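Read-outs: derived from the displayed coordinates by stated rules, not from any lab. All values reported here derive from a predicted model rather than from experimental measurement. Every residue, glycine as well, gets a Cβ built from its backbone with ideal geometry; the counts of neighbours run over all protein chains shown.
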């Protein structure tokens, strides 16, 4: 027993040393980048900002003032009311591999945003209410509220500090691994509260961003098909994250970046089977942002992540971290975009504490008219779960058409196909889902 305790102390000491070394390396890179960019800041050109605003703009990011709502001016504020109604149909409401249930739904969203129009500093607040009502399966009905607020202080011409906070209620999708495993009679509900502070300093050839965020998740207990309670308290947790990002311009068409973060995850309770899932972790990424003349732009970062659990039986997860996105302007009316990412996340299964998620996506947007855009998107992702033999592969395709009728009204239609395959001795259920929806939006 004494030897086991000594081994655990040595392991914790080694992991703490690795985290300190990673943090020191990130700090040194940030310091070197800061010194280099300060030395180059002679011509007054903000290279980072110019890379963000290329001559070509993605189809969906293009500004059309004649179709942009003006809002309602209230002195130094602008109010923006929104209403949306969506009629939808799905052929597999509960995301089951067989005995599929199809249904129609009416989903409505009402929101009000308030923002300042100050020349310096900025403040905003927004509230919203979302409802979903199903024709034949009223147990899937839901009502969710949300609220957000932010305040940005422009301390100097290049330095700003922004605080953000919000509260939102969610219904977990039936396609999530936990819902597919538990098969609750009604959807699992949870609330998320978050507070963050972001400081950004811009210099002619560098941008440094420091951030801290606190997020709290609170899950409601679910009920199974027989009416028995399904405890979800083991999923309640608080997550605190600090991060730093430094972007250093090396030419008018490229910048280097170093990005690092550390997180602390504290769970309220332990699951019925298994230890408490408290953990600490970090990631460090190095990469670059680029612009290829006026035809493409993007950013790619690769690095390392590690998540260490307090319970020795859960071990440590580490590996390749990556994040990237790119846009190709095939013509002035057509944009091809792609995204990739790889992270470690909480699995939220009773028999698995974490999962490594990898995703890829590609989208093509075509502007038929200034107010008519057709989009196609393909998505592929994998989830590899710890402690159990399970790997999920998820891919999907969607096509949508968005039509802005005027400044205050927009309609769109969407078709989506989603497919999941789960393999391993502890595999979850598979699903295939087709869905169609039409949305009408009213904006002021």
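Annotations
- The stretch 70-109 and the stretch 211-247: distance between their alpha carbon centers, rounded to Å: 24
- If R0 is 35 Å, the Cβ-Cβ spacing of residue 168 and residue 302 corresponds to a FRET efficiency of close to 0.65.
- Percent RCO, i.e. relative contact order, over the stretch 245-317, from Cα pairs under 8 Å lying at least 6 residues apart: 28
- Approximating the spin labels as points 7 Å out from Cα along Cα→Cβ, the residue 278-to-residue 432 distance works out to 4.7 nm.
- The stretch between residue 161 and residue 190 holds 7.4 nm of extra length on full extension. This uses 0.36 nm per residue minus the Cα-Cα distance.
- Gyration tensor (alpha-carbon) shape descriptor, the chain, a/c threshold 1.5: oblate
- Inter-centroid distance (Cα atoms) of the stretch 347-425 relative to the stretch 255-328, Å: 21
- The helix-based estimate of mean residue ellipticity at 222 nm for the chain, built from -39,500 (n - 2.57) per DSSP H run of four or more residues and divided by its residue count, is -4000 deg cm²/dmol to the nearest 500.
- Length added when fully stretched, residue 251-residue 221, from 0.36 nm per residue minus Cα-Cα: 5.4 nm
- Short-range pairs are left out: with C-alpha atoms under 8 Å and at least six residues apart, the relative contact order of the stretch 355-429 is 27 percent.
- Summarising the label geometry, the points placed 7 Å from Cα in the beta-carbon direction at residue 333 and residue 60 lie 2.0 nm from one another.
- Take every Cα pair under 8 Å whose residues are at least 6 apart in sequence, average their separation, divide by the length of the chain, and the relative contact order is 13 percent.
- When 394, 248, 340 are arranged by Cβ crowding within 10 Å, least crowded first, meaning fewest neighbours, the order is 340, 394, 248.
- Distance between the modelled labels on residue 310 and residue 98, one decimal in nanometres: 4.4 nm (7 Å Cα→Cβ projection).
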